[in-house]
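These notes are about the structure you will find just below.
Only the coordinates and a few stated rules stand behind these numbers; no lab work does. Since this is a predicted model, take the numbers as computed values, not measurements. Note that we place each Cβ from the backbone using ideal geometry, even for glycine, and neighbour counts take in every protein chain shown.
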Amino acid sequence: MVPHRAFEAQGEWWLPGREGRRVAGVLRFDPDSGSELQLIGTFRGMDEEGERTERRGAAVIITYSRDSLENAGTYPRILGRAGGKLYTLEDCIRKSVHISLTGGGGTETVNVNQVYRGANFGDIELPSADSVSVDLRYLTQWIGRPAIKESHAFPSESNPDLKAIDLKAVPLDDQTALLTDGTLRLTHSIRVSGDRITGRSLAQKFYFRIDSTRVTSTQYLLERISDLQDLVSIATGRTAEIDGLRYWNSALANQERDENTHPRPVEFFAKWNNRDTSQTPGFMRLQDIYFTFEQFGGVEGVARWLDQVERYRSALGRVVSSRYAPSMFTSDRLLNCAAALEFLDRVNHANGVFAQRMARCATLAGSPFLALIGGEVQRWIKAVKDHRNEIAHHGGTHVKQSNSAQFFLARSLYWVFVLCILREARAPEAVFQQITKHDAFNGLGPRLRATLPPL
């Protein structure tokens, strides 16, 4: 079951450096619509909304303009305490405000981009941590290690009254692998639910955790999480949406600690761009997986992926997000994947025109891709180049093929990039063999080859 992380928190909120002006309000978060803070009051008074000009005789003139109002309603950071928890709200912009001219009352609504629950960061303090854990949708299916066992006892002639069903779960040990700047950890948990009267059930979950050797920005750790998300999305053929994210900072001031003095995690909430739009979110058939966790080399293979793909991160995210964005035009998918392949080749080869770069990428992708296009590399490059030029440059090639041809070419570019980056991450050969056995990959071949123009 996919967790729904929506919540609301009623408390007091203030701007950094202005703790004396606390405003009551409610923070609401929903994964679909994002975060919004509704205040009973305002962060600033009417006299703070405009530009102040002092005149002789101690007279002060306040001038209001669109720029002054926008600046007054832009809040890089808001701090708060609600329900006994500390909050830091990042990148906030006023949505609406009602200010009384007499100085009393007023309300304000603020759009919030990011929410940290569990810490108050300072005025100019960069949110930082040395550990991060993530709950990725479909990660448990990709790991594929059942820890829940089920047994049935049925009546027999010798024991006509014997009838029982047993469920048993044993938590699995953590798996770890070294990174160039820390440790990757795969953790496992067992959850029990039900009211013990009408039902009782067991569920298991796997989580990734990255422990860095140094305190670094939460943004950098989030980028490393995105690399994990891209890997699981590629392997499962689904968008591995983030269902939970937590940071730890061992150097953080003792703001919130439990009775054992262990630092509590700082939970992170945001409206993610990469969303799972499948018809059955959270559920998938195991035969839909392109390659398994074990085939990829287990936790050591994932650690190798994290270390190797960092230099391709922007291109990787661009390709994976374009593959699973339901509203993206086919032409944009083709351009995104072609540009990402150019970038990947440029990292390793300074020189080369577009056709040369595509040829090198096709060679790096290897036998799975060559089989997909029937060995017709030059025809494939011509088709990609013609469509790319027509879309990006209106080059006058007048491609007269249907949109379906463009769709299959975009899919082929996606797979060339995936195969190339798996090679760069030194994925085992079993991964490539398994991909070639997948129905969707094999089904693309005949359709793609039918779109390739003659030389």
What's the angle, to the nearest 10 degrees (0 to 90), between helix 218-236's Cα axis and the longest principal axis of the chain? 30
The size of the Cβ-based charge dipole (Lys, Arg +1; Asp, Glu -1) of the chain about the Cα centre, to the nearest 20 debye, is 1040
According to the square roots a ≥ b ≥ c of the eigenvalues of the Cα gyration tensor, what is the shape class of the chain, taking rounded for a/c under 1.5, prolate for a/b larger than b/c otherwise, and oblate for the remainder? oblate
List the aspartates and glutamates whose Cα lies under 20 Å from the Cα of Lys95, skipping any in the same chain that are fewer than 8 positions away. Glu8, Glu12, Asp30, Asp32, Glu36, Asp47, Glu48, Glu49, Asp67, Glu70, Glu108
If the cut-off is a Cα-Cα distance under 22 Å, which lysines reach Lys385, setting aside same-chain residues fewer than 8 apart in sequence? Lys400
How large is ³J(HN,Hα), in whole Hz, for each residue of segment 187-199 in order, when computed from phi with the Karplus curve 6.51 cos²θ - 1.76 cosθ + 1.60 and θ = phi - 60°, using x for Gly and Pro? 10, 10, 9, 10, 10, 10, 9, x, 8, 6, 10, 8, x
Listed by chain and number, the lysines with an alpha carbon less than 23 angstrom from that of Lys205, same-chain partners under 8 positions apart left out, are Lys149, Lys168, Lys271
Relative to the chain, whose Cα atoms define the longest principal axis, helix 377-392 and its Cα axis are tilted in degrees, nearest 10, by 30
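Can you classify segment 346-387 as rounded, prolate or oblate using the Cα gyration tensor, where a ≥ b ≥ c are the square roots of its eigenvalues, rounded means a/c under 1.5, and otherwise it's prolate if a/b beats b/c and oblate if not? Can you show the working numbers first?
On the way: a/c = 3.03, a/b = 1.31, b/c = 2.32.
Note, shape of segment 346-387 comes out oblate.
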Two-site label geometry, Ile93 and Arg21: point separation in nm, points 7 Å out along Cα→Cβ: 2.2
Dipole of segment 280-322 (Lys/Arg Cβ +1, Asp/Glu Cβ -1, origin at the Cα centre): which of Ser321, Ile289, Val309 lies farthest to the positive side? Ser321
Can you tell me the 0 to 90 degree angle between the C-alpha axis of helix 313-324 and the longest principal axis of the chain, rounded to 10? 80
Net charge dipole size for segment 309-376 [Lys, Arg +1 and Asp, Glu -1 on Cβ; Debye, nearest 20]: 160
